[in-house]
Amino acid sequence: MAIERTLSIIKPDATRRNLTGKINAKFEDAGLRIVAQKRIHLSPAQAGKFYEVHKDRPFYGELVEFMASEPVVVQVLEGENAIAKNREVMGATNPANADAGTIRKEFALSVGENSVHGSDAPETAKEEIAFFFSGLELVG
Ligand code: ADP
């Protein structure tokens, strides 16, 4: 199985509630290695650019405002099948539909304030990692 990298974001609802360590433990327990990590506060323009793919969705404005409301932790996770594995550990977008033991089931507040982001495919993972990290910051 291929070793992959994926972009993860611990969202403001989770950083605010001091859940970074508990969420990172879920990743590490699943065999995902945190190979880069930083805490940043996105501007509305940066959050809007990151979520540009959703710009026509009704929740776009709310999503951008939320993501720029407080600091986030952006990170690169590495491991076998990391993109799918991360999405499995995250759980369904809406915590009401998420499986027991997933991050969103345990920690998410709502479909919007759902604690984590994870890339959904190899091409988006590559683009999203490059959005936040330079090559020098990735130390496998
Ligand atoms: P995922 O993050 O699981 O890949 P999507 O790509 O569909 O999900 O949506 C991106 C983010 O937009 C979600 O994680 C969530 O924060 C927000 N979102 C999605 N659907 C809604 C909704 N119906 N209302 C409010 N926010 C939403």
Length-normalised contact order of the chain, Cα under 8 Å, at least 6 apart, in percent, tallies to 37
Could you work out how much longer the chain between T124 and R16 gets when fully extended? Use 0.36 nm per residue separation minus the Cα distance between them, nm to one decimal. 36.2 nm
Kindly flag which residue pairs out of K85/K105; K11/K126; K55/K105; K26/K85; K49/K85 have an alpha-carbon separation exceeding 18 Å in this structure. K11/K126; K55/K105; K49/K85
Would you look at the GNM of the chain, springs on alpha carbons closer than 10 Å, and say which of P12, P95, P122 moves the most? P122
Apply the a/c threshold of 1.5 to the C-alpha gyration tensor of segment 39-82 and tell me whether it is rounded, prolate or oblate. oblate
With a Förster distance of 25 angstrom and the Cβ-Cβ distance between A84 and V53, calculated FRET efficiency to the nearest 0.05 equals 0.85
For segment 1-81, the dipole about the Cα centre with charges only on Cβ (Lys and Arg +1, Asp and Glu -1), to the nearest 20 debye, works out at 220
So if I take the centroid of the Cα atoms in segment 52-121 and the same for segment 7-30, what is the distance between those two points in Å? 11
Most mobile listed residue (G118, G79, G101) in the chain, GNM with C-alpha springs under 10 Å: G101
Amide hydrogen neighbours beyond the local backbone of V116, cut-off 5 Å, H modeled: K11
Within the chain, helix-based [θ] at 222 nm, where runs of 4 or more DSSP H residues each add -39,500 (n - 2.57), nearest 500: -10500 deg cm²/dmol
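Kindly put V35, V74 in sequence by how many other C-beta atoms sit within 10 Å of each C-beta, fewest to most.
Taking fewest neighbouring Cβ atoms as first place, the list is V35, V74.
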Per the C-alpha gyration tensor (a ≥ b ≥ c, the square roots of its eigenvalues), segment 46-140 is rounded if a/c is under 1.5, else prolate if a/b beats b/c, else oblate; here it's oblate
Just to check I understand the Karplus step: with θ = phi - 60° and J = 6.51 cos²θ - 1.76 cosθ + 1.60, what whole-Hz values come out for segment 40-50, glycine and proline as x? 9, 10, 5, 7, x, 5, 5, 5, x, 5, 4
Given +1 on the Cβ of Lys and Arg, -1 on the Cβ of Asp and Glu, and no further charges, what dipole in debye does segment 27-139 carry about its Cα centre, rounded to the nearest 20? 100
Output ³J(HN,Hα) for segment 109-125: one whole-Hz value per residue in order, computed from phi by the Karplus curve 6.51 cos²θ - 1.76 cosθ + 1.60 with θ = phi - 60°, and x for Gly and Pro. 9, 6, 5, x, 8, 10, 6, 8, 10, x, 4, 10, 6, x, 5, 5, 4
Given H placed on each backbone N at 1.01 Å, which residues far from E4 in sequence or on other chains put an amide H within less than 5 Å of it? G79, E80, N81, A82
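Values quoted throughout were computed directly from the atomic coordinates according to the rules given, and no laboratory measurement underlies them. What you are looking at is a predicted structure, and each value in this text was computed from that prediction instead of being measured. A quick note on method: Cβ atoms are made from the backbone with ideal geometry, for glycine too, and the neighbour counts reach across all protein chains shown.
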